[in-house]
Amino acid sequence: MIDFFLSPLAYGFMQRALIASVLVGGITALVGVYVVLKGLAFMGDAISHAAFPGVVIAFMLKTSIYYGAVLAAVGTAIGIAWVGQHKQVRLDTAIGVLFAGTFAFGVLLMSTIKGYVGDLFSFLFGNVLAVSNTDLVVLGVLGGAIVLTLVAVYKELLFATFDPLGAQAAGLPVAALEYGLLTLIALTIAISIQVVGIILVVAMLVTPAATAQQLTVRFNRLLILAAALSVAESVVGLYISYYGNWASGATIVLVQTAGFGLVMLFGQRAGILRRRAG
Amino acid sequence: MNQPSTEIGSVVIRAAGLEAGYGDRLALEGITLEVGPGELVAVVGPNGSGKSTLLKVLAGLLRPRAGKITVFDAAPGKRPQRVAFLSQAESVEWSFPVSVWDVVLMGRYSRIGWFRRPGAMDVAAVHRALEQVGMRDLAQRQVGELSGGQQRRAFLARALAQEPDLYLLDEPVTGVDMATEEELMAVLVDECKRGKTVLASTHDLASVAVHFSRAIWLNRRLVADGPASLVRDAAVLRATYGGHLIEVSNGVLLVDDPHDRQEKGMAHHD
């Protein structure tokens, strides 16, 4: 049994993959709680797709894809937030336009590179087994900054998320907090692309948080539970993908989806079976 | 926390020629008004008369288009610690995972400040506020599990916990039953006796005559401003409610002013 967990760790790539999965699993879940509570799933999907051209350009320039991903994702998040504050068009319409347009631009750029299919696959669906030591440093630093920020403005962000009007009346800079939160979401997406890829990252943001939401009605417990669930599910998913020789990002996401399904069936608050029995 | 500007004789709210609105629509115009410390003022008028708009301008949530306005001798919104605002319930997501305690504690945030955690004084203030509105037993309840009346009480407790000098309350007692309304109004009367100022919008004209010392009558413009007994003045009622008025024999006026936006609150009595 112990051998089942330890033997894959004889490989350096698997050690790095494990650390990356734990970090990304925890950070996406914490930020994901805000994404779920504020109904920003579509926004998260748009930001990750908009990161694509950034990733491709960084790849073409032979620099770290994190630079391109961070710049494109944060830029898009702030652009969408700006549209949201100066409502000329409906926000979901603006997101829809940006989402497809930027992604198409990425595909077009990608198609100019010869023999691009293999790399394209890893950008879109992630490849946690290819995480380098440098990637881990970036993940650790940016991830640490994201978590520290969430801890530092915990109560202000809670107030502004729950009751924006009340928070504004209490003197909180609600608009700045909104921009800040979207920036954190964008950074989280950017550092997660290596692990789960552009298409699947939204699942890591939304699924563990939505699962934990079925299990508690307290905000602080929700954060802790979502992070714990997500880390556990990421590790389980990584091992299953190793032994099954399946795509790692997709396996992690499917384990999280299964967790959500189980809670929907048996959970205390929303469990369909429990409700019927009660 | 009384500072010199709340001494008797000074002015809490001062507005002259105030004009405010949303987009192309003008919701308030020509409002000139002074409110002093210790006053309990009802803001009365039909739906769309500008009651909420006036409170939002005073809270610094909506910038006026024209006119001069000060709250504690500063622009609205510049004294967030001293001014508590209670909005109409619709702006909050009730399924949000916060308890009554969490919500009331939010009233302390402007005093606690950034990057700091609540201290013993904040905990004591939350206890006191929950006691005042009779919600000690429900402190750990998730807000979505409360009745409409209990939700109003929880948000009023948040305003009390803030220990402000001015309360701006948008329909604080809509949706609560008669007994609760009496209790909450008694709390507000107490606050006024301690020198605090209260501005509360209401649809309940019967309550205006009983509980308030002064009433402001709005119908986009300031129709009347005087003692709460003006509620018995037919001319004031006609000017304020216009078409919503039904005249019955023997000089009785019926005000037909459905507040449909508060249906949720009405459906869940405590």
In the list B:Gly67, B:Gly107, which residue meets the criterion of being closer than 17 Å to B:Leu28 by Cβ and crowded, with 17+ Cβ neighbours inside 10 Å? B:Gly67
Given the conditions (1) over 23 Å from B:Gly243 (Cβ atoms); (2) acidic (Asp, Glu); (3) modelled with pLDDT under 95, and given that B:Asp24 satisfies all but one, which numbered condition is not satisfied? (1)
Qualifying positions in the stretch B:221-270 - assigned to a helix (DSSP H, G or I), crowded, with 17+ Cβ neighbours inside 10 Å and at pLDDT 80 or above: B:Ala228, B:Leu230, B:Val231, B:Val236, B:Leu237, B:Thr240, B:Tyr241
Out of A:Thr251, A:Thr211, which single residue is within 14 Å of chain B (Cβ to nearest Cβ) and either free of Cβ contacts under 8 Å to residues at least 60 places away in the same chain or not in a helix (DSSP H, G or I) (or both)? A:Thr211
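Check A:Ile19, A:Ile27 and return the single one that is in contact with a Gly (Cβ under 7 Å, 6 or more places away or on another chain) and modelled with pLDDT of 95 or more.
A:Ile27
This table checks each residue for (1) touching a residue at least 12 places away in the same chain (Cβ under 8 Å); (2) small (Gly, Ala, Ser).
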site: A:Gly32; (1), (2): yes, yes
site: A:Gly54; (1), (2): yes, yes
site: A:Arg90; (1), (2): no, no
site: A:Gly101; (1), (2): no, yes
site: A:Met110; (1), (2): yes, no
site: A:Asp119; (1), (2): yes, no
Among A:Ile191, A:Ile224, A:Ile198, the single one that is in a helix (DSSP H, G or I), within 14 Å of another protein chain (Cβ to nearest Cβ) and either at negative phi or crowded, with 19+ Cβ neighbours inside 10 Å (or both) is A:Ile224
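Condition (residue is assigned to a helix (DSSP H, G or I) and closer than 20 Å to A:Gly26 by Cβ) applied to the stretch A:108-131: is it met by at least one residue?
yes
Taking helices (runs of 4 or more DSSP H) that do not extend beyond the stretch B:76-177, which have at least 1 residues that are more than 10 Å from chain A (Cβ to nearest Cβ) and of a type in the set (Gly, Ala, Ser)?
Because the criterion is at least 1 residues that are more than 10 Å from chain A (Cβ to nearest Cβ) and of a type in the set (Gly, Ala, Ser), the helices (runs of 4 or more DSSP H) in the stretch B:76-177 that meet it are B:120-132, B:148-161.
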Condition met for A:Thr112 (more than 20 Å from A:Tyr34 (Cα to Cα) and surrounded by fewer than 24 Cβ atoms within 10 Å (Cβ to Cβ)): yes
Out of all the residues in the stretch B:199-207, is one or more closer than 18 Å to B:Ala129 by Cα and in contact (Cβ under 8 Å) with a residue 12 or more places away in the chain? no
Whether any residue in the stretch A:132-148 is under 16 Å from A:Leu184 (Cβ atoms), within 14 Å of another protein chain (Cβ to nearest Cβ) and surrounded by fewer than 17 Cβ atoms within 10 Å (Cβ to Cβ) is what I want to check. yes
Could you list all residues from the stretch B:25-43 that are in contact with a strand residue (DSSP E or B) (Cβ under 6 Å, 6 or more places away or on another chain) and not aliphatic (A, V, I, L, M)? B:Glu29, B:Gly30, B:Thr32, B:Glu34, B:Pro37, B:Glu39
Just to be sure before I move on: is A:Thr216 over 14 Å from the mean Cα position of the chain (by Cα), among the hydroxyl-bearing types (Ser, Thr, Tyr) and not in a helix (DSSP H, G or I) in the structure I sent? yes
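The rows are residues; the columns are (1) of a type outside the set (Val, Ile, Thr); (2) farther than 23 Å from B:Gly226 by Cβ; (3) under 13 Å from the mean Cα position of the chain (by Cα); (4) surrounded by fewer than 21 Cβ atoms within 10 Å (Cβ to Cβ).
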{"site": "B:Val41", "(1), (2), (3), (4)": "no, no, yes, no"}
{"site": "B:Pro76", "(1), (2), (3), (4)": "yes, yes, no, no"}
{"site": "B:Ser91", "(1), (2), (3), (4)": "yes, yes, no, yes"}
{"site": "B:Pro97", "(1), (2), (3), (4)": "yes, yes, no, no"}
{"site": "B:Val100", "(1), (2), (3), (4)": "no, yes, no, no"}
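Provide a single number: the residues in the stretch A:155-186 that are assigned to a helix (DSSP H, G or I) and more than 9 Å from every other protein chain (Cβ to nearest Cβ).
The total comes to 15.
Could you please let me know if B:Leu26 is surrounded by fewer than 17 Cβ atoms within 10 Å (Cβ to Cβ), more than 24 Å from B:Cys192 (Cα to Cα), more than 14 Å from chain A (Cβ to nearest Cβ) and among the aliphatic types (A, V, I, L, M)?
Yes.
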Given the options B:Leu58, B:Leu54, name the one that is within 13 Å of chain A (Cβ to nearest Cβ), buried (at least 22 other Cβ atoms within 10 Å of the Cβ), hydrophobic (A, V, I, L, M, F, W, C) and touching a residue at least 24 places away in the same chain (Cβ under 8 Å). B:Leu58
Which of the numbered conditions does A:Asp45 fail, given that it passes all the others? Conditions: (1) closer than 15 Å to A:Ile191 by Cα; (2) charged (D, E, K, R); (3) surrounded by fewer than 14 Cβ atoms within 10 Å (Cβ to Cβ). (3)
Does A:Val117 qualify as being more than 14 Å from chain B (Cβ to nearest Cβ), of a type in the set (Val, Ile, Thr) and closer than 30 Å to A:Asn245 by Cα? yes
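Quick one: is B:Val71 more than 13 Å from chain A (Cβ to nearest Cβ) and either under 19 Å from the mean Cα position of the chain (by Cα) or at pLDDT 95 or above (or both)? Before the answer, list the steps.
Working: more than 13 Å from chain A (Cβ to nearest Cβ): no; either under 19 Å from the mean Cα position of the chain (by Cα) or at pLDDT 95 or above (or both): yes.
No: the conditions fail for B:Val71.
The values are calculated or read from the model by the stated rules, or taken from the named source; none is laboratory data. Remember, predicted model here, so these are calculated numbers, not experimental data. Positions of Cβ are backbone-derived with ideal geometry, glycine not excepted, and every protein chain shown enters the neighbour counts.
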